[in-house]
Amino acid sequence: MERPARLLHVEARRILNQIQGIIPHNHNPIIIIIMTNGVLTIINKSGGIKSFARPLLLIVCALWAISALAQTRNITGTVTDDSGDPMPGVSVLIKGTSTGMATDIDGKYSIKASKGSVIEFSYIGYITQSITVGERSVINITMKEDIKALDEVVVVAYGTASKESLTGSVAVISDKDIQRRPVTSVTSALEGMAPGVQVNGSTGTPGSSPSILIRGINSINGTTSPLYVVDGIVWSGEYNDINPNDVESISVLKDAASCALYGAKGANGVVLITTKKAKNAGNVEVTAKIRQGIYQRALPEYRRLGYNRWNEAMLQAISNGKVTSAPDKYTYESAMEETIGNFFSEAGVLNLYGTGTDGSVTDGGEKVFDKNGNVILNPLSCYNDTDWWDAISRNGHRQEYNISASGATEKFSAYASLGYVKEKGYLLKTDFERWNARLNTEFRPTKYLKVGVGLTASEIESNQPQFDSDNLSSTSNAMSYQGLAPGLPYYAHDWATGEVLRDENGNPIWNTMDGYSAFTSNKAYILRANSEDYERISVDGNAFATIYLPYNFEVTVRGTMNRYRQEDTSYNSPLIGSAQGFGRLTKYFYKRETTNLQQYITWSHDYGAHHIDAMLNHESYSRYYTYSYVKNKNQLFPDNYYLTNFTENEGTGAHAYRYRTETFMGRARYNWNNQYFLEASISRDASSKFSKDNRWGTFWSVGASWIISKEKFLKDVEWISNLKLRAAYGTAGNDYTSNYYPTYDLWSKYSHTLDGNPSVFPSTLGNKNIRWESTKTLDLALEGYFFNSRLNASVGFFSRVNADLLFNVPQTPSNGTDGEGSSMSQWQNIGNMRNNGWEIMVSGEIIRSKDFTWSAHADATFIRNKITKLPAGNLWNSPRALVEGKSRYEYYTYKWAGVDMLTGQSLYEINQDSHQFETDLDENGKSTGVWRFDQSKWDSNLENAKAGDALVKIGDRYYTTSTSFASKHFRGTSLPTVYGSFGTNLNWKGLSLSALFTYRLGGKTLNTVYSGMLSPSAGKSLHEDAISNTWQPEMATGIGENDANRINRGIRPQINTINANNNNATSDRFLVSSSYLAFKNLNITYDIPRKWVAPLSLRGLSAGLSIDNVKLFTKMQGMNPTYNNSGGQGDYFVPSRVYSFEITARF
C-alpha cells in the first residue's frame, strides 16, 4: 500500500536534505523531487533529470547515514553579553531545522551539528548571530545589544508598527525607564520621558496620580487629560490601580494621525500602556523585587519670621496702624508705648518669655521690649512646641514587594504577578496601601485561532487629610500651618511654670485655649482626632479571540469590564473642631461599572514591493456610576466608626448617571519598499451627552512619511543611518462636560419645605444645541539616526486648533437663580483655541566601548496658546480672563505702580485703556458689538475713588491706594514658553548611573500665599520680606507731590495693620516667575556578576539606590510652580523626596 502523499512529501524533503549533504558541491543544486511508485526523481536547476529506483535509493540512504555519523558531532560553548556575564535563555537553533535549545543559567549550551550546519543565536533585544560550524567543536558567542531594535517596533492604536513606518507622533517609554522611578502611579513615570508631555503634581500625597498635559491646554473648561488605554482597551479604573512593575512599555500618541482611531476619546492625546507578557518560549522566568524607602518633604518652607523677629515686626505694624487710623491722636512713639502694654493681646500670640503677671501669657510686654521696640529676652526653653510642622510631620516610609512569573510554549504563554506597596507620607495620616494582582494569558490551540484572557485586581486602603483644592480654607487643612504665627504652642502648659500638661497616661494635652483660632482649631490635634479614609476594590477583566482566515484576514473580538467599589469615611471628633461636643460620621459610597466591546477585522497583503493593510472596527462603551452619602451625628461610644453609633441623621444624598459612546472606524495603510508610507483613518462617534440631532461626529486623519535615507542620493552618505520626513493632519472630538446630561434642565432638592412638602430648585440650564468640541491637528517632523545610529535627533512642528469649545457659561439673573439665589450656568460651545509649538529632541551615545558607555538626551517643547474666537463674547474674569487673542490662562489683574514715597502705601494704576472703562452700547442702550471708551464710567470711578480717600494724582496720571478703583490689565500668562528634560546614563561593568532633570522657562505664578505672609495680622505668620526693604517715614523727606521719584518700585510698602490688605492686594506685584529646574531622579544600579550568583541558581541579581525629587530650584523658596497649569498656589501637599533602596532577583 502506498503511503499518503503528505508522508511521502515529508520523506522526500528529508531525503533531499540527506542527498544534498553527499552530492559534491560543484553539482547543480536540486530544486524538485518527485516520488512515484517507489521511484525518486531528482530535477536539478539546469533541467537535468535523474531517477533512482528503490534499491538504489536504499544505497544512497545508507551512504548518507554513514556520512552523517561521520560528520555530526557535539558542539558546546558559552554565550555571554558585552560585559562578559553569561546569558541564560538564549535561543540556540540549527538553522533550517527544528533542532534547538536554550542556554542554561551559566549561559552554556550543547547541541549536535554537522560541519556545514549554521547555528543561529538569538535573544530579544540583541542582534541575532549566525555561525557556521566548520571544524570547530567549541563555539563561544558574545551577544551585542541591538539598540535600534529595542524601539524599532512600537505599540500604536490597535496593534504595533515599525518605528520607521509611523506617520504620526509617538513617544515610547520603556520598562527600564519606568523601573528607575520609585513611583506608585504609573503616570508619574512619564515626567521628563517624552517631548510635549507636561506632568504636574508628580509625587504628591502617597498614592496620588499627577495630571498630564499633551501638547498644551486643549480645552477651556473641559477635561485636558489624555485617554489611557491598557492592553488595547480603554482604561476605566483609577491610575493608581495599575502596578508600574507590571508595565512593559508606554506609548504616548500626540497627534491626530496617531489618535484618530480612538475618535472623540483621543482628542487630548492617548497614553497606551502595555503590560508584561511571557517571553522566550521554553523558559520559565521568575522575578522578585524588594524596595524600601524613606519619604521626606522635597520643597523647603517659606522663609518666615521666628518668634522674636515676628514680635518686633508686629509691634511696628500695629503701631503704624494706629498712627494711620488716628494721626491726630498718636505719634509713632506713643502708639508703640501703648501697644507694648497690650502687645500680646493685640498681636494674637502668647507671652512665652515668662514676664506675665501671675503667670499670665497675655500681658507683660513692657518687660519684653526696649524703648526702641526691640525684644530683649528669649522665650523660655519649655516652650519648644511652637513649630507646628514638627507636630504634623514625620519621617515617612515606603515599602514595596513584587513577584512575577512567566512561562511560554509554542501554544501557551502566561504572565502572573503579585504586588504590595505601603506608603507612609511625611505628613501624619497620609498613608496608602495597595495589594494588586495581574494575570495575562494567551492560548494558540490551532494555527488559525488565538485567544487570551487577562485579569487585574487591586485593593487599596488610604487615609488623606483635607488639603486638596476644595478644602484649602478648612480649619482641618494641616498644610495651612504655615499661616500661623510662631508664638502659639500646640500643647497646653501650666502658664505659671511653663510645664507641659499631661493626661493620666502621661501624654501631652493639646492646647485648645479659648480666644485663639489656632488653639480652638488646633491643627495638630484635629489631624489626629479626625480621619479621612477610603477603601477601594477594583477588578478589571478582559478577553479576546483572534481568528486567522485565508488571504491574510484576521478577525478579533475583544471585551473588557471594570468593576469599582469605593467607600469613604469622614469622621469629625467630638473632642475638637466642627463637631466638637457631639461627633459626626459621614459615609460616601461610589460604584462604577464599565463595559467595552470591540470587534475588528484586519487585512494585509504584499504585492512585490507594495504593502497594504486595512482595518475596520466597531466599539461600544458604557459606564454606569452611582454615588450616595449618609451623614449622622451624636456619637455614643468612642472608637466606633459605624453609622449606627451616631444617633441623629444630618443628611443623605444620592445621584447616578449612565454614559455611552458608540464608534465605527476604519484605517488603511500603504507603503512601497518600506520607503514611502501613507495612512488614512476615519471615525464616526456618538455620545449620549448630546441630543439626537448633534449626537454623531465624524473625525478623520491622513498621514505620510518618507524614508529619505533610502534614496539613491543619500545612500553613499555614511554618517546618515536613517532619515525620515513625516506629515499628518487630522481631527478628533471632545464631549467632556462636568455633568452627563447637559442638554437637560437639572433640578436639585431644596432644604426648605412648602406646606410640609419637599421642594426643588433649578441648578443647571440645559442646552440641546451643544455639539462636539473638535480638535484639528497638523504635525510635521524630521527624524533621524546618525553616525551608525549613535546619534538620534528630531525636530517637529505641531499646530492644534480646538473649535466649538465647551464651557459652562454663567447666565444672567433674568434666566433664573438657583436655591441659593446665585445665577445658574449653561454648557455652551463658545469659541476656538490654538496651540502652536515645536518639539526638539536629541539623544546619543557619547562613549561606547566594551566596558563603558555614556549616553545623554535632551528635549524641549516650545508652545504658544491663544484663544482665537469667542462668539459669545469675552469673559473678563479676574485674575484670569478669557479673551480673544490671549492665552487660556492670561492674567487680567491690577498693575502695581510702586510705593508712594510720601505715605508708604502701595499705589495702583488707573488707566483709560482698560476694558473696565469701555462700552458697546449706543445712546439707546443697544449693543453695537464695538467697544469704545466710556467717559462716564471713567469719571464715575474717579469720583468714587476720591470719595473713598483713595485717589492720588501725580502730574497728569491717576493712581489709587485701593484696588477697588484700580484698572485691570493683561499681565502675562501662567503657561510656559518652553519646557522639557535632559539626562544622562553611564554604564561600567554592571554598574549604571542615570540622572534626570526637568525644566520650565516662562510663565508666571500668582503667589497669594506669599502675599498673605506680607500682610500683618493677629496670630498670622509673616514672611521675612515683610520687614525687608520696607518704607520708613524718613524716606518722605524731600519728596514733592508731583516729583518723578514719588513712586518707587524698588521697595516694599510700610508694614501696617490698617493698610495691609490694600498694600498687599492681589496684583501683578505677586506674579512670580514659574521657571524652574528640577533634579528629578538619580538612580544607581549594580548588576552582580552572574558567576557570583550562578551557584544560587539565579539568572541575575541587582541592587540599586534611587532618589526621586532630589532638588527643585525656583525663583522663590517655598513656591511650587509644578503644582498646576493655571499658576495657582495654596496650602497644598508639596512634593515628596523619596529615597529608595531595591534588590531584584531573577530566577
Exercise. Any idea how many residues of the stretch 947-965 are touching a helix residue (DSSP H, G or I) at 6+ places or on another chain (Cβ under 7 Å) and farther than 18 Å from Asn1061 by Cα?
Worked result: 1
Exercise. Do you know which residues across the stretch 572-586 are surrounded by fewer than 19 Cβ atoms within 10 Å (Cβ to Cβ) and not aliphatic (A, V, I, L, M)?
Worked result: Pro574, Ser578, Gln580, Gly581, Phe582
Exercise. If we keep just the residues of the stretch 753-795 that are more than 30 Å from Asn218 (Cβ to Cβ) and of a type in the set (A, V, I, L, M), which is surrounded by the most Cβ atoms within 10 Å (Cβ to Cβ)?
Worked result: Leu791
Problem set entry | Verdict on Leu907 being among the aliphatic types (A, V, I, L, M), touching a residue at least 40 places away in the same chain (Cβ under 8 Å), crowded, with 21+ Cβ neighbours inside 10 Å and within 30 Å of Gly831 (Cα to Cα) | no
For this session: Could you check, for the stretch 655-668, whether at least one of its residues is buried (at least 18 other Cβ atoms within 10 Å of the Cβ), in a strand (DSSP E or B), in contact (Cβ under 8 Å) with a residue 40 or more places away in the chain and out of contact with any Leu (no Cβ under 8 Å at 6 or more places or on another chain)?
Result: yes
For this session: With the condition kept exactly as written, say whether any residue in the stretch 175-192 is in contact with a Leu (Cβ under 8 Å, 6 or more places away or on another chain) and either modelled with pLDDT under 80 or over 20 Å from Tyr1139 (Cα atoms) (or both).
Result: no
For this session: Go through the stretch 903-952 and give me each residue that's hydrophobic (A, V, I, L, M, F, W, C) and at pLDDT 90 or above.
Result: Leu907, Ile910, Phe917, Phe933, Trp938, Leu942, Ala945, Ala947, Ala950, Leu951, Val952
Problem set entry | Residue list for the stretch 629-673, restricted to those being closer than 30 Å to Thr698 by Cβ and of a type in the set (D, E, K, R) | Arg658, Arg660, Glu662, Arg667, Arg669
Seminar exercise, completed: Residue hits (the stretch 671-710; in contact (Cβ under 8 Å) with a residue 12 or more places away in the chain, under 23 Å from Gln598 (Cα atoms) and part of a loop (DSSP other than H, G, I, E, B)) are Ser688, Lys689, Phe690
Exercise. Which members of the stretch 81-139 meet the condition of being within 22 Å of Asn283 (Cα to Cα), of a type in the set (Asp, Glu) and in contact (Cβ under 8 Å) with a residue 24 or more places away in the chain?
Worked result: Asp81, Asp85, Asp106, Glu120
For this session: Could you tell me whether Asp363 is in a loop (DSSP other than H, G, I, E, B), at pLDDT below 95 and in contact with a Gly (Cβ under 7 Å, 6 or more places away or on another chain)?
Result: yes
For this session: For the stretch 396-419, indicate whether the set of residues that are closer than 30 Å to Val1134 by Cβ and free of Cβ contacts under 8 Å to residues at least 60 places away in the same chain is non-empty.
Result: no
Problem set entry | Only one of Asn542, Asn552 that is exposed (fewer than 14 other Cβ atoms within 10 Å of the Cβ), at pLDDT 90 or above and either over 23 Å from Asn308 (Cβ atoms) or touching a Gly at 6+ places or on another chain (Cβ under 7 Å) (or both) | Asn552
Exercise. Tally time: how many residues in the stretch 924-967 are surrounded by fewer than 13 Cβ atoms within 10 Å (Cβ to Cβ) and assigned to a loop (DSSP other than H, G, I, E, B)?
Worked result: 6
Seminar exercise, completed: Exception for Ala189 within (1) more than 28 Å from Arg864 (Cα to Cα); (2) part of a helix (DSSP H, G or I) falls at (1)
For this session: Return a yes/no flag: does the stretch 143-154 have any residue that is surrounded by 15 or more Cβ atoms within 10 Å (Cβ to Cβ) and at pLDDT 80 or above.
Result: yes
For this session: Considering each residue of the stretch 731-783, count those that are more than 30 Å from Val842 (Cα to Cα) and among the hydrophobic types (A, V, I, L, M, F, W, C), and give that number.
Result: 8
Problem set entry | Which numbered condition His605 fails, given (1) at positive phi; (2) in contact with a helix residue (DSSP H, G or I) (Cβ under 6 Å, 6 or more places away or on another chain); (3) part of a strand (DSSP E or B) | (1)
For this session: Quickly run through the stretch 621-653 and pick out the residues that are of a type in the set (D, E, K, R) and either more than 30 Å from Trp235 (Cβ to Cβ) or touching a helix residue (DSSP H, G or I) at 6+ places or on another chain (Cβ under 6 Å) (or both).
Result: Lys631, Lys633, Asp639, Glu648, Glu650
Exercise. Do the conditions hold for Tyr600, that is, is it aromatic (Phe, Trp, Tyr), at negative phi, assigned to a strand (DSSP E or B) and at pLDDT 95 or above?
Worked result: no
Seminar exercise, completed: Restricting attention to the stretch 404-448, the residues that are closer than 30 Å to Leu549 by Cα and among the hydrophobic types (A, V, I, L, M, F, W, C) number exactly 5
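The rows are residues; the columns are (1) in contact with a Phe, Trp or Tyr (Cβ under 8 Å, 6 or more places away or on another chain); (2) closer than 30 Å to Ala529 by Cα.
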{"position": "Arg623", "(1), (2)": "yes, no"}
{"position": "Lys631", "(1), (2)": "no, yes"}
{"position": "Phe637", "(1), (2)": "no, yes"}
{"position": "Ala668", "(1), (2)": "no, no"}
Problem set entry | Residue check for Tyr736: crowded, with 17+ Cβ neighbours inside 10 Å and in a loop (DSSP other than H, G, I, E, B) | yes
Seminar exercise, completed: Picked from the stretch 1014-1031 (must be assigned to a loop (DSSP other than H, G, I, E, B) and over 34 Å from the mean Cα position of the chain (by Cα)), the residue surrounded by the most Cβ atoms within 10 Å (Cβ to Cβ) is Pro1016
For this session: Go over the candidates Thr1085, Thr1057 one by one and state the one that is assigned to a loop (DSSP other than H, G, I, E, B) and among the hydroxyl-bearing types (Ser, Thr, Tyr).
Result: Thr1057
Seminar exercise, completed: Screening Asn395, Asn374 for residues that are touching a helix residue (DSSP H, G or I) at 6+ places or on another chain (Cβ under 7 Å) and either within 16 Å of Tyr307 (Cβ to Cβ) or surrounded by fewer than 19 Cβ atoms within 10 Å (Cβ to Cβ) (or both) leaves only Asn374
Exercise. Tell me, which strands (runs of 3 or more DSSP E) wholly within the stretch 224-280 include 1 or more residues that are of a type in the set (D, E, K, R)?
Worked result: 247-253
Exercise. Any residue at all in the stretch 1040-1051 that is in a strand (DSSP E or B) and under 26 Å from Tyr891 (Cα atoms)?
Worked result: yes
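The values are calculated or read from the model by the stated rules, or taken from the named source; none is laboratory data. Please read these numbers as outputs of a predicted model, since none were measured by experiment. Cβ sites come from the backbone with ideal geometry, for glycine too, and all protein chains shown count toward neighbours.
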